[in-house]
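**Student:** Quick one: the structure is below, and I'll ask about it shortly.
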Amino acid sequence: MRLFNCRKIKDRATGLKSATRAVNGGKLVVLPTDTVYGIGCDAFSHTAVRALLAAKGRGRDMAPPVLIGSKRALDGIASNISDSAKEIIEAFWPGPLTVVVPYTPTLTWDLGDTDGTVAVRMPLHPLALELLKETGPMAVSSANKTGLPPAETAADAKTQLGSDVTVYLEAGPSDDNRPSTIVDCVADPPQVLREGALTVEQIRKIVPDVLDADGYGPGERPEDQETEDESAEEPEEAQA
């Protein structure tokens, strides 16, 4: 178990090599992203994914998302990607957007109980992208024990996860401790499953009919209806 201070050039290079070896060897690593720190492993290693879930204290019913190092990499793991998914990916990747899409049926991975779908993200963090380009797709979840606050530094993650992780890559405090926003792009229309760093309003600028986390479309929330009713009752001079 080693922690590398990747804010130093020499440690960054050594840390990336060590993390790549660890991932390729079926071990767990902690890496920074543009949101919170993540705990990750080779997405195609069944043993490593089981170890990740065990380190988190989770079961198969909470399958980890997959991080990729380029938009192009999505074509290798997903199929039947909707036009809506393509539009928001183009707008917000790399960044704090996770999309749920159907995965290619021929893949041999086992992320848990996913019902043929996978949650995928391309993070906006140079260290994460560099690692992902060396390792390929990684199963990554927030670097914390389930029920505890997400880690904002690798040192925080180390306190929680200890020797379950082989390599910790420290890049300083997270710029944004909000999680990514998750959008179910298998649903039609797409639905936000978790609103995080991206708001529903930002996503609707790209895909106007997206549903919010409660299943409401644009203007359908009860408070939206109340606002419309109040506006209709205002005297004409107040509306000028």
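**Student:** Considering (1) buried (at least 24 other Cβ atoms within 10 Å of the Cβ); (2) without any contact (Cβ under 8 Å) to a residue 60 or more places away in the chain, say which one Asp11 fails and leave the rest.
**Tutor:** Failing condition for Asp11: (1).
**Student:** Here's a follow-up. Show the residue pairs meeting these rules: Cβ distance below 6 Å; 6+ apart or different chains; first residue within the stretch 207-224 and part of a loop (DSSP other than H, G, I, E, B) and surrounded by 13 or more Cβ atoms within 10 Å (Cβ to Cβ); second residue of a type in the set (S, T, N, Q) and modelled with pLDDT of 95 or more.
**Tutor:** Val207/Ser84
**Student:** Are any residues in the stretch 52-81 touching a strand residue (DSSP E or B) at 6+ places or on another chain (Cβ under 8 Å) and either of a type in the set (Asp, Glu) or over 23 Å from Ala157 (Cα atoms) (or both), and if so, which ones?
**Tutor:** Leu74, Ile77, Ala78, Ser79, Asn80, Ile81
**Student:** Out of Glu201, Glu230, Glu236, Glu170, I need the residue that is modelled with pLDDT of 95 or more and open to solvent by 90 Å² or more (accessible area, probe 1.4 Å). Which one?
**Tutor:** Testing whether each residue is modelled with pLDDT of 95 or more and open to solvent by 90 Å² or more (accessible area, probe 1.4 Å) leaves just Glu201.
**Student:** Now for a different question. Considering every residue within the stretch 104-121, establish whether at least one is in contact (Cβ under 8 Å) with a residue 12 or more places away in the chain, touching a Pro at 6+ places or on another chain (Cβ under 9 Å), part of a helix (DSSP H, G or I) and open to solvent by 10 Å² or more (accessible area, probe 1.4 Å).
**Tutor:** no
**Student:** For the stretch 49-83, which residues satisfy the criterion of being part of a helix (DSSP H, G or I) and either of a type in the set (S, T, N, Q) or more than 22 Å from Leu148 (Cα to Cα) (or both)?
**Tutor:** Lys71, Arg72, Ala73, Leu74, Asp75, Gly76, Asp83
**Student:** Go through (1) part of a helix (DSSP H, G or I); (2) of a type in the set (D, E, K, R); (3) open to solvent by less than 70 Å² (accessible area, probe 1.4 Å) one by one and return the number of the condition Lys86 breaks.
**Tutor:** In the conditions (1) part of a helix (DSSP H, G or I); (2) of a type in the set (D, E, K, R); (3) open to solvent by less than 70 Å² (accessible area, probe 1.4 Å), Lys86 misses (3) alone.
The values are calculated or read from the model by the stated rules, or taken from the named source; none is laboratory data. From a predicted model like this one, the values you see are computed outputs, not experimental measurements. Using ideal geometry, Cβ is built from the backbone for each residue, glycine included, and neighbour counts are taken over all protein chains shown. For the accessible areas, the whole protein counts, side chains as well, though only heavy atoms, and no ligand, DNA or RNA atoms are used. Shrake-Rupley method; radii C 1.70, N 1.55, O 1.52, S 1.80 Å.
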